[in-house]
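The values are calculated or read from the model by the stated rules, or taken from the named source; none is laboratory data. Predicted model, so just to flag it, every value in this text is computed and none were measured. Note: ideal-geometry Cβ built from the backbone for every residue, glycine included; neighbour counts use all protein chains shown.
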């Protein structure tokens, strides 16, 4: 059975009993709620670590890799953020789940390679957390193509998407992008720069749209230009979204999610009509 979460994301009865998820949290209320909800939705038995010592032991005494960590910023024995630093240093994908998130703290956390953060400041916090967990565990189903003539820009976007567990392909120009798209019919999202030497983002979008509609592939354009008209022009040639650099990770991830959620909703509607 398919049903929707708070943000509109679809849960489709996915079960992930093999996923190893550690919850580093000392609140009995929240650990109980998280454990119950993830078991109910995804058949996941989470491991609770109430102290920094528990967290270290969970990692060091098991050879099974951690799929995902859910961590408060501070834990008993790690009152200055050491638990989060520990997880990041081990390259364990981590969702921060915290009730104290001032602007200075936010900037410090987002400068690290975390998957996401959720504020536990309302009754829907655990549901939002469940959605974030589901996204991470299912993002590998999505294949994203990045098109940019700048190696630095390609590497930056690729690292962002891989952090969120997406499959990523890279193209240094429009011609290569069309070649990759022809060979990989499963690509559902293209993130393309506008200003490229051979085929610019507008022309690339036109060519993609001549063979693949918006119902099966979404296109996000990006540019460092200060020309505000680019957005409207890009949308008119068949793009679905547009972002001006520099943009922050949160905005980028939200826009990627929204476009892929649209594809998922369209596919689900087609199945219902069949």
Checklist outcome for this item: Note on the range 173-186: residues under 23 Å from the mean Cα position of the chain (by Cα) and surrounded by fewer than 20 Cβ atoms within 10 Å (Cβ to Cβ) are 180, 184, 185, 186
Item to check | Index of the failed condition, residue 214 passing every other in (1) in a loop (DSSP other than H, G, I, E, B); (2) surrounded by 13 or more Cβ atoms within 10 Å (Cβ to Cβ); (3) touching a strand residue (DSSP E or B) at 6+ places or on another chain (Cβ under 9 Å) | outcome: (3)
Item to check | Where residue 109 falls short, out of the listed (1) in a helix (DSSP H, G or I); (2) closer than 30 Å to residue 40 by Cβ; (3) at pLDDT 95 or above | outcome: (3)
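Residue-wise test of (1) closer than 30 Å to residue 41 by Cα; (2) modelled with pLDDT under 95; (3) not in a helix (DSSP H, G or I).
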residue	(1), (2), (3)
118	yes, yes, yes
122	yes, yes, yes
133	yes, no, no
144	yes, no, yes
154	no, no, no
157	no, no, no
180	no, no, no
189	yes, no, yes
192	no, no, yes
Checklist outcome for this item: If we ask which residues in the range 223-234 are surrounded by fewer than 17 Cβ atoms within 10 Å (Cβ to Cβ) and either in contact (Cβ under 8 Å) with a residue 40 or more places away in the chain or under 17 Å from residue 177 (Cα atoms) (or both), their number turns out to be 0
Item to check | The one condition in (1) buried (at least 16 other Cβ atoms within 10 Å of the Cβ); (2) farther than 17 Å from residue 135 by Cβ that residue 261 fails to fulfil | outcome: (2)
Next on the checklist: Can you tell me how many residues within the range 89-106 are buried (at least 18 other Cβ atoms within 10 Å of the Cβ), out of contact with any strand residue (DSSP E or B) (no Cβ under 6 Å at 6 or more places or on another chain) and not in a strand (DSSP E or B)?
Outcome noted: 0
Checklist entry - For the range 87-106, what are the residues that are at pLDDT 90 or above and closer than 21 Å to residue 28 by Cβ? => result 95, 96, 97
Item to check | Single match in 237, 256 (criterion: surrounded by 15 or more Cβ atoms within 10 Å (Cβ to Cβ) and in contact (Cβ under 8 Å) with a residue 40 or more places away in the chain) | outcome: 256
Item to check | Residue match in the range 211-222 (condition: more than 20 Å from residue 182 (Cα to Cα), without any contact (Cβ under 8 Å) to a residue 24 or more places away in the chain and in the same structural domain as residue 184 (by TED's automatic domain parsing)) | outcome: no
